[in-house]
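The values are calculated or read from the model by the stated rules, or taken from the named source; none is laboratory data. This structure is a prediction, so every number in the text was calculated from the model and none was measured. Glycine also receives a Cβ, built like all others from the backbone with ideal geometry; neighbour counts cover every protein chain displayed. Only protein heavy atoms, including side chains, enter the accessible area calculation; ligands, DNA and RNA are left aside. Shrake-Rupley method; radii C 1.70, N 1.55, O 1.52, S 1.80 Å.
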Amino acid sequence: MLVAALTVPAQAVTYGTPTIALSASYLSGAVGATGDPVVNVTVGQSGADASALTVSASASSKPSVAGTEDVTVTGAGAVRQLAVAARGRGYTNLTVKVTGLGGKTATKTLSYAASAAVQNPADARYLTGSADASAAVDVGGGYAVVADDESNVLRLYDRSRSGAPVKTWDFSSQLGVSKEVDIEGATRIGDTIYWTGSLGNNKDGEYKAPRNTVFTTTVSGSGAGTQLAYGRSYKKLRDDLVAWDKANGNKYGFAAGTAAGEAPKQIDGFNVEGLEFAPGSTTTAYVGFRAPLAPVVPGGKALIVPVTNFDQVLASGAKATFGAGIELDLGGLSVRDIRKNAAGQYLILAGSWAADDNSDPYALYQWDGVPGHAPVKRADLPTTDPGGWEAIVEVPDLTVPGARVQLITDSGSADLYGDGTEAKDLTHAEWKKARAAWFTLG
């Protein structure tokens, strides 16, 4: 007897609604930039392999900043990378869409901000998360720890890439402060990094105790594996400097510059921005001043004051002792940072003492660290880009022709996106950024 075969119809596959998530809802870039930050787009759909999903993006508000054709999505699987090539300065919203099987879709909005083009964009990188970079220390492996003068957060960045910090540390609780130390200078000896506040009044001429702080952190590891641990602090260096200057006839006007009502960033103010150790020394530190300058300092020269027991000031809280002030001719500019390399070659980043100085000149000077020896200008720096040059990451071998040095801006007061908002006041951390740039020394 023959039995007819039964055919069972295949069940239709039911696909769920796709899911989409962005690693950040806000992204910044720059016109003409190389290696701007990207956003990871994570997608999925029940009943479907993630590699079968399509991710696309379109401009939804201001294509003059970035249009659909300026957005690139790469990668496969559940995580894709979205990059934007800025067309113009300003803000725009992008719609990011995942199209799944069965024709189902889901979308997310990415808010994008683009800053203007800068000189030599291939040599520029943007450190996001903060606009007020103020000091930097190389920690090897292509990474640097960068301080911020508007907070007490130290951030670890990959020096070769634009983007967010790899790690962050906030030592406010260990320092016993709730306001910013106004970190302005740093240097490293062995596994110890020394950090100093500005030691000056705030911009309104008010004394704020946290600014009178120097402290240490201990480094372990290097590169992306760098770790920082809090060391010790000292909170009377400003007082020691004022007492020393009074005992020497008020030569530099420190008492007047720190008086109530005196703003720090004026020609006769009081504001520290550089810190480095003397040649061959692990005990004497050079404290570099943004102010005072002429006419307080004779001849309009920049000022460095040696602290001869700086190691003990931090190790045991010893009262600071000082050597004679060092006066340097930096072409009418003051110290914005000072750094040396293992060979004892110094670079001084020179800039204006003024508060609003983005259009004022900047220059790099080479020095041997010896009092009485004159520094030599190695480069003039551009002033047309937003933000003021603020930090030297490390000093190359200055005897090598074409040596290159990486500098970082404090862009806190810059109007990055053309809407009149200062970068430090931007709502979203992803839109705050400082610029790191490489310069060739002449």
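Computed from point charges on the beta carbon alone (+1 for Lys and Arg, -1 for Asp and Glu), the dipole magnitude for the chain about its Cα centre is near 820 Debye. Label positions at residue 166 and residue 78, each projected 7 Å from the Cα along the C-beta direction, are separated by 2.5 nm. Excluding ligands, DNA and RNA, the accessible surface per residue across segment 221-297 is 37 Å² with a 1.4 Å probe. Near residue 167, once Lys and Arg are set to +1 and Asp and Glu to -1 for all other residues with Cβ below 15 Å from its Cβ, the sum equals 0.
Within 10 Å, count the other beta carbons around each residue, average over each peptide in 322-333, 420-431, and list them highest first. Walk me through the intermediate numbers first.
Working: 322-333: 17.7, 420-431: 15.3.
Descending packing order for the listed peptides: 322-333, 420-431.
By accessible area, using a 1.4 Å probe on protein heavy atoms only, segment 193-319 has 50% of its surface on carbon and sulfur. Of all lysines in the structure, those lying under 16 Å Cα to Cα from residue 251, and not within fewer than 8 positions of it along the same chain, are 301.
Each label was represented as a point 7 Å from its Cα along the Cα-to-Cβ direction; for residue 61 and residue 383 these points are 3.5 nm apart.
What number comes out for the charge environment of residue 70, summing +1 per Lys or Arg and -1 per Asp or Glu over other residues with Cβ under 14 Å away? Local net charge: +1. Taking every protein chain into account, the accessible area of segment 360-442 amounts to 39 square angstrom per residue (probe 1.4 Å).
Pairs from the table (236/432; 108/179; 167/340; 62/424) lying more than 28 angstrom apart at Cα are 236/432; 108/179.
Kirkwood Rh over alpha-carbon pairs of the chain, then Stokes-Einstein at 10 °C and 1.306 mPa s: what D in µm² s⁻¹, rounded to an integer? Answer from the Stokes-Einstein relation: 67 µm²/s.
Averaged per residue, what accessible area in Å² does segment 101-166 show with a 1.4 Å probe, protein chains only? Each step should come with its number before you reach the end.
Working: 2180 Å² over 66 residues.
I get 33 Å² per residue for segment 101-166.
Label-to-label distance, residue 438 versus residue 85, with points set 7 angstrom from Cα along the beta-carbon direction: 2.2 nm.
Calculate, for residue 52 and residue 341, the FRET efficiency according to 1/(1 + (r/R0)^6) with r their C-beta to C-beta distance and R0 51 Å; round to the nearest 0.05.
Working: r = 54 Å, r/R0 = 1.06.
That gives a FRET efficiency of 0.40.
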